[in-house]
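Report on the following structure.
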């Protein structure tokens, strides 16, 4: 599954670079997502990769954290990186679906020493929802159902709401 | 010309005054049984609004490392008599396993993890693990909120197991002067009192009058009560009866400030960092 997603990401990206000249919608957007695949919230950059008729494909990279300091109060932030590919259909009002992974690097407690210890895990996610974005750019609004397969094991219902700017 | 000079001058003065006012620290005239000081306790560690799960090792340690005097913990007993810090009646409410703490052994609970926040796997901790891994343990105080979830077990057997486990942990870590024990059950508190008269016992009532009645009758150390159910005047009444007061249900900065003004002896706050800064 992880390998499949990685190949899909690479394939889509390389395909899109070749197609990027055909974009007529603003390619870049940044948005703040409340909840969503970043956990409790994330800051995201999205790049439009290619567009055919009303179908647009984009890749998203985000950053989030829960704590900047660990339980010893030392600076030692949790790092959560949501990565996804989104497909949208529409003009100003879009239906949106997405597929991706989240890389989490969380500071927890070592079971033996009880000192802070970083653990890295990968989780899968998909999204389905609504996106408002004019082709000429400007305000972006997204709302979606975005379940997560935590640790590639536990299915968790989740949702997200985003506001941002396309340029 | 004069206007040109005075306008920015006045503006600067105004900004200085506003800044001074916004930085001025609130002063409190605290009068209580606790040496006229309020002990700042976390509520399950960093509180139930923290992104750490309540009662987790991470939450408790962060609370203590921020400079709290101690923390309240929810305490339950496993099937094999291990005391664990956990709040809910059933583990499925907040972890990836199901069942009552009382129906599972420590080895079955040890591998569970909290469900939230997403992507984390914070563990449930036993009191033995917790106290074994706190540096300078005796500089902190702990309130054990004893959650008595009997399940199908005989109440007397359960209470007896629980009291023995408490005695063992308090003795092992020499915490007799650092632990406050609270419960909603009179019979449980009576059993503890029979075990050791030095235990500092708190009744956790549904109303102040009920708490005052039980605490006076059983000669307890104090009353633990939601800040919503007790006034400054009632706390004065408790103090005049030589009863300490711990308040909880403090979920905001303004609630910290309002709580301090009531002169309790202990505050169990969900905004512990702010409470510490207000009291220091």
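Coordinate-derived values only; no laboratory data. Only a predicted model underlies this, so the values are computations on that prediction, with no experimental measurement involved. Cβ sites come from the backbone with ideal geometry, for glycine too, and all protein chains shown count toward neighbours.
Which of A:63, B:118 has the fewest other C-beta atoms within 10 Å, and how do the rest follow up to the most?
Working: A:63 13, B:118 23.
In order of increasing Cβ crowding within 10 Å: A:63, B:118.
Expected output is a single nm value to one decimal: the length gained when fully extending between residue B:133 and residue B:51, i.e. 0.36 nm times separation in residues minus the C-alpha distance. What is it? Please report the intermediate quantities before stating the final value.
Details: separation 82, 0.36 × 82 = 29.52 nm, distance 2.16 nm.
Going from the current span to full extension adds 27.4 nm.
Under 8 Å for C-alpha pairs, at least 6 residues apart: give me the relative contact order for chain B, rounded to a whole percent.
Details: 510 pairs, mean separation 56.4, N = 280.
Relative CO of chain B lands at 20 percent.
Rounded to the nearest 10 degrees, what's the angle between the helix B:155-172 long axis and the longest principal axis of chain B, both from Cα atoms, 0 to 90?
60 degrees
How many percent of DSSP beta bridges within segment B:29-279 run antiparallel, rounded to 5? Each step should come with its number before you reach the end.
On the way: 8 of 40 bridges.
Looking only at bridges with both residues in segment B:29-279, the antiparallel portion is about 20 percent.
Going by C-beta contacts inside 10 Å, put B:230, B:101 in order with the fewest on the left.
The most exposed by this proxy come first: B:230, B:101.
Quick one: work out the % antiparallel among DSSP beta bridges in the protein assembly as shown, nearest 5. Don't skip to the answer; put the middle values down first.
On the way: 88 of 120 bridges.
Taking every DSSP beta bridge with both residues in the protein assembly as shown, the antiparallel ones total about 75 percent.
Would you work out if the protein assembly as shown is rounded, prolate or oblate? Take a ≥ b ≥ c from the square roots of the eigenvalues of the alpha-carbon gyration tensor; rounded if a/c is under 1.5, else prolate when a/b is larger than b/c, oblate otherwise.
oblate
Rounding to the nearest 10 and keeping the result within 0 to 90°, find how far the Cα-based axis of helix A:2-19 lies from the longest principal axis of chain A.
30 degrees
Averaged across B:59-72, how many Cβ atoms of other chains sit within 10 Å of each residue's Cβ atom? Before the final figure, lay out the partial values.
On the way: counts 1, 1, 7, 6, 1, 2, 6, 3, 1, 0, 0, 0, 0, 0.
Shielding by partners across B:59-72 averages 2.
Modelling each spin label as a point 7 Å along the Cα-to-Cβ direction, I'd like the residue B:167/residue A:119 distance in nm, to one decimal.
3.7 nm
Just rank B:103, B:240, fewest to most, by other beta-carbon atoms within 10 angstrom.
Fewest-to-most Cβ neighbours within 10 Å comes out as B:240, B:103.
Between residue B:198 and residue A:45, what's the calculated FRET efficiency when r is the beta-carbon distance and R0 is 60 Å? Round to 0.05. All intermediate terms of the calculation are to be shown ahead of the outcome.
Numbers: r = 61 Å, r/R0 = 1.02.
Using R0 = 60 Å, I get an efficiency of 0.50.
Using Cα atoms only, what is the angle between the long axis of helix B:2-23 and the major principal axis of chain B, expressed in degrees (0 to 90) to the nearest 10?
20 degrees
Over the Cα atoms of segment A:2-166, what radius of gyration and what Dmax do you get, in Å?
17.0, 58
Given R₀ = 25 Å, what would the calculated FRET efficiency be for residue B:30 paired with residue B:216, taking r from the Cβ atoms and rounding to 0.05? Mind dumping the intermediate values first?
On the way: r = 24 Å, r/R0 = 0.95.
In this case the efficiency is close to 0.60.
In terms of the Cα gyration tensor, with a ≥ b ≥ c the square roots of its eigenvalues, is segment B:29-279 rounded because a/c is under 1.5, prolate because a/b exceeds b/c, or oblate? Kindly include the intermediate steps, with their values, before the conclusion.
On the way: a/c = 1.71, a/b = 1.23, b/c = 1.39.
Judged from the Cα gyration tensor, segment B:29-279 comes out oblate (a/c at least 1.5, b/c at or above a/b).
For residue B:157 and residue B:226, calculate 0.36 nm times their separation in residues minus their Cα-Cα distance, and state this gained length in nm to one decimal.
Values: separation 69, 0.36 × 69 = 24.84 nm, distance 3.00 nm.
21.8 nm is the gain from fully extending residue B:157 to residue B:226.
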